[in-house]
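The values are calculated or read from the model by the stated rules, or taken from the named source; none is laboratory data. Here the structure is a predicted model, which means the values were calculated and not measured. Glycine also receives a Cβ, built like all others from the backbone with ideal geometry; neighbour counts cover every protein chain displayed.
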Amino acid sequence: MFSRMRITKSTADSSGQIEQLKKELAQTDAVVIGAGAGLSTSAGFVYSGERFRQYFSDFEAKYGFHDMYSGGFYPYATPEEHWAYWSRYIYINRYMDAPKPVYDNLFELVKSKDYFVITTNVDHCFQKAGFDKKRLFYTQGDYGLFQCSEPCCQETFENEEIIRSMVEQQKGMRIPTELLPVCPHCGKPLTMNLRSDDKFVEDDGWHEAAERYQLFLRRHQNMRVLFLELGVGYNTPVIIKYPFWRMTADNPQAVYTCINYGEALCPREIERRSICINGDIGNVLCQLCVQEVSCA
């Protein structure tokens, strides 16, 4: 559908684009937020460096990996070791607040608007920042949910209580065997509700959120809509990026915005109705906020 893409070059001063986006936010009928990993990175959820060493220096010393992602794929010898690692990973990336108030500032910008969020992030930051859970669609799962590894059912299970117990009771990089999570229906091991293969469980809540998202889009398809894409890369562009381009092209009143560090671009077909800002999302949101907010 789209021809050559035009990337917006980085400039020392993006104030003009930010002012244009501020004007669109004020005038739009609805905001559709599409969020990828770059948004959480801007909020301080980084998976290597100092933050990794703060929580996983013992795993790094023993197993030789140097970032959280690598640790998540490591073939641990026992499930007790596997869940010692993953319980810490889930705890700091799901149940701890983001180090920076990026999500809070985003909420301040859109809370009085008719908005909806679709995200590939699984860290639950939107809801913790105050976004209405009925206006959120987590397409790829949630660190806060387990599912059967088989799976024997299309059901998910909240895990906060057991995750906190695993973190508190682990010793020597192992959890007690009695804390290993098993499916209450078939007894098979539970696993994370994360989309990684064809065993991903789309439970009733997932389908209800998907339907609410589609209803929102249909209700606003001929209105002035701002498609606000934040930190979306090219791992799964068919979920957010490509649909945002298509819906902008189909609706003459729509405006597409991409805020991304190093990947702010749009197709030439919608260039005149696009705002591409190459920069840190947190910094841009701070400049957009009319009232004084915290950016630290």
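Take the conditions crowded, with 21+ Cβ neighbours inside 10 Å, in contact (Cβ under 8 Å) with a residue 24 or more places away in the chain and either closer than 30 Å to H220 by Cα or more than 23 Å from the chain's Cα centre (by Cα) (or both) and apply them to L25. Does it pass? Break it down stepwise before answering.
Details: crowded, with 21+ Cβ neighbours inside 10 Å: no; in contact (Cβ under 8 Å) with a residue 24 or more places away in the chain: yes; either closer than 30 Å to H220 by Cα or more than 23 Å from the chain's Cα centre (by Cα) (or both): yes.
The answer is no for L25.
Select from region 220-239 the residues that are touching a residue at least 60 places away in the same chain (Cβ under 8 Å) and farther than 15 Å from A35 by Cβ and write down the one among them that is nearest to the chain's Cα centre (by Cα).
In this case the residue turns out to be V225.
Somewhere in region 186-202, is a residue within 30 Å of E80 (Cβ to Cβ), assigned by TED's automatic domain parsing to the domain that holds W86, without any contact (Cβ under 8 Å) to a residue 60 or more places away in the chain and part of a helix (DSSP H, G or I)?
Scanning region 186-202, I find no residue that is within 30 Å of E80 (Cβ to Cβ), assigned by TED's automatic domain parsing to the domain that holds W86, without any contact (Cβ under 8 Å) to a residue 60 or more places away in the chain and part of a helix (DSSP H, G or I), so the answer is no.
Taking the stated definitions as given, is G49 touching a Pro at 6+ places or on another chain (Cβ under 7 Å) and either of a type in the set (G, A, S) or touching a residue at least 60 places away in the same chain (Cβ under 8 Å) (or both)?
When the stated conditions are applied, G49 does not pass them.
Hey, among Y261, Y256, Y242, which residue is free of Cβ contacts under 8 Å to residues at least 24 places away in the same chain and among the aromatic types (F, W, Y)?
The match here is Y242.
Determine, yes or no, whether Y234 is over 26 Å from S15 (Cα atoms) and of a type in the set (F, W, Y).
Spelling it out, Y234 is indeed over 26 Å from S15 (Cα atoms) and of a type in the set (F, W, Y).
Of everything in region 94-153, what is of a type in the set (V, I, T) and modelled with pLDDT under 95? Give them in sequence order.
none
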